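The next block holds one structure in the form of structure tokens; read it before the comments.
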Amino acid sequence: MGATQHTTHNTAKRPPAPLRRLNRAATRLRAQGAFGFAALVSVAIIIGFVIFPTIEIIAKSFGMDGRAEWDRLTDAGRTFTTVRNTIWLGFLVGVIGTAFGLVMALVQVRTEIRFKRVLHLISLIPVISPPFAVAMSVLTLFGRSGLITKEMFGLRYDITGLDGLLLALSVSFMPVAYLNFVGMLQAFDGALEEAATDLGGTLTYRFRTVVLPLLAPGIANSFLLLFVSAIADLGNAVLLGGGYDVLASRIYLAIIGEFNLDKAAVFSVMLLVPSMLVFAAQYFWLRKREYITITGKPVGEPKPIDQRSVLWPLVSIATLLGAFIVLIYGYIVVGAFTEVWNINFSPTFDNVLFVLRGAGREALLDTIRLAALATPIASVAGLVIAFVITQRDFRGRGLLDFASVLGVAIPGTIIGIGLLLAYNEPLLGGLIPELTGTAAILVLAFTIRSLPGVVRVAVGALNQLSGSLEEASISLGATPAQTFRKIILPLIRPAMFSSLVWSFARSMTSLSPIIFLVTPQWRIMTAQILNEADQGRFGNAAAYSVVLVSVVLAAISLLALTTGFKADNDSIPSRSPR
């Protein structure tokens, strides 16, 4: 009896099993030093500012009023059409944008055409486009009263709907795939193609059997990011959607037009389902495959594409796409310096002066400050998360990977509402203060929106690294943090630069996650663009867009100088890293 009581007493003192596992995980992280601390902070960011706000939205959708909305919406035929339209749009944008990005990257890395430096710079422009810029230009050029459709060809073509959305979204998100593929193709081992050539393989055969399979992580990651970005995009859906209902526009109307948060939360949960399915398909397809091209051994030099039957179609497609991008953004510049865009083309500087003075100047400075704070947070956190996902084997790795893309899978407007719901009062006994109305919540919103792009780009690059590199480094006495800093980072330098560019540009141009987070104390340029467009002052909106693009381009140049990575043709090495 006494022995039994003694055993029970000792058992009662033992911590619960979940707490013991948490303690063991914390011990392992402490053993990793600085890297373990960075990993812990990165996971805390995802849990606290992605998963927790998402749970708040889900809880809202399944509350008493939310359940009533579920019953009404699931019985409506329009809801089924909206979901179908959303999935179809995301699939088409994912396929088209990924294909365009791959073509542009092949021309940039594997050809010797003289103007590829220009194509590279042109390819970067859409990723730094502010909201509504592409949509405004598409409408004024190709709409019913468009300069090209009506004035030049006498057509009354309605660009709104699926056609307009495909055009705007494919051009807007193509650079994400392009930057991903450029980093991967730079690091490609040319010896693999040389071996195929020695066996008599043609250029198309080598590409189909060697290059394309090894690019599978980049293809899957690019499609995933473009898919979830397209179905969650708000600005283009509102301006160009027309009668083509998608979930993002229905969510926006539920909030702005009906003030119905429960209905918006239900639509948000519907939007999460296709994102989860696409991610699951991508994850289970790639996780048991190896796509290593960097092993630390000497590598061959990839041969440039010189077969005319392949070279000229690639160059032609890239040139036409580049010319279209120049047309779209060139017309925005025209609108910024004309009296009334698309009506009175008399030159004026009034629109730009309006932006550089008063509220416009305050918005510019505030946006730069907040984006500068969010960029290093998202870049470091995304790189650490990607390293943990690709180079560490542990339970919950797939869940962490999925959680890292939730920030882009959920409509930005709902992310903003989720942050408001989650942090409108102090938490953990005051340890976390109320964040509503502060600059911190804006920085968090920017970080969450850019984090998925950073993770996807870094995952694509890290999937090419052989585990033997880290093993060799550790066997020589290096710590995991030293190995990461001295071995891993130099090999993924192009991806690191891409993540910095993506993070800053995404922060500067984000609109939907901060619509309900801005306060009079902090003005955001994208919110100002929305306000000008709503008031019909498209010249001012175009001027804001031009100033914003100029600032981001200047920041990219500064990043290139400080990181030692040239954002032009010279940044592409003649051979893979060794």
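Of note:
- Selected residue [more than 30 Å from VAL552 (Cβ to Cβ), among the acidic types (Asp, Glu), surrounded by fewer than 23 Cβ atoms within 10 Å (Cβ to Cβ) and touching a residue at least 12 places away in the same chain (Cβ under 8 Å)] from ASP65, ASP71: ASP65
- Residues of the stretch 505-523 include none that is surrounded by fewer than 18 Cβ atoms within 10 Å (Cβ to Cβ), modelled with pLDDT of 75 or more and either of a type in the set (D, E, K, R) or in a helix (DSSP H, G or I) (or both).
- Of residues in the stretch 335-353 being surrounded by fewer than 18 Cβ atoms within 10 Å (Cβ to Cβ) and part of a helix (DSSP H, G or I), the one nearest to the chain's Cα centre (by Cα): LEU353
- Boolean, LEU383 is crowded, with 24+ Cβ neighbours inside 10 Å, of a type in the set (A, V, I, L, M), modelled with pLDDT of 80 or more and not in a loop (DSSP other than H, G, I, E, B): yes
- Filtering the stretch 355-380 to residues that are in a helix (DSSP H, G or I) and more than 15 Å from THR526 (Cα to Cα) leaves GLY358, ALA372, LEU373, ALA374, THR375, PRO376, ILE377, ALA378, SER379, VAL380.
- Unmet requirement for VAL50, which otherwise passes all of (1) at pLDDT below 80; (2) closer than 30 Å to SER170 by Cβ: (1)
- Within the stretch 296-320, being of a type in the set (Val, Ile, Thr), within 31 Å of the chain's Cα centre (by Cα) and either modelled with pLDDT of 80 or more or over 15 Å from VAL103 (Cα atoms) (or both) holds for VAL315, ILE317, THR319.
- In the stretch 74-102, residue nearest to the chain's Cα centre (by Cα) [restricted to those that are more than 17 Å from LEU247 (Cα to Cα), buried (at least 21 other Cβ atoms within 10 Å of the Cβ) and not small (Gly, Ala, Ser)]: THR98
- Residue check, LEU192 under 30 Å from VAL134 (Cβ atoms) and either surrounded by fewer than 24 Cβ atoms within 10 Å (Cβ to Cβ) or at pLDDT 80 or above (or both): no
- In the stretch 114-132, the condition of being crowded, with 21+ Cβ neighbours inside 10 Å, among the aromatic types (Phe, Trp, Tyr) and at positive phi is met by at least one residue.
The values are calculated or read from the model by the stated rules, or taken from the named source; none is laboratory data. This structure is a prediction, so every number in the text was calculated from the model and none was measured. In this analysis, Cβ positions are derived from the backbone assuming ideal geometry, glycine residues included, and neighbour counts consider all displayed protein chains.
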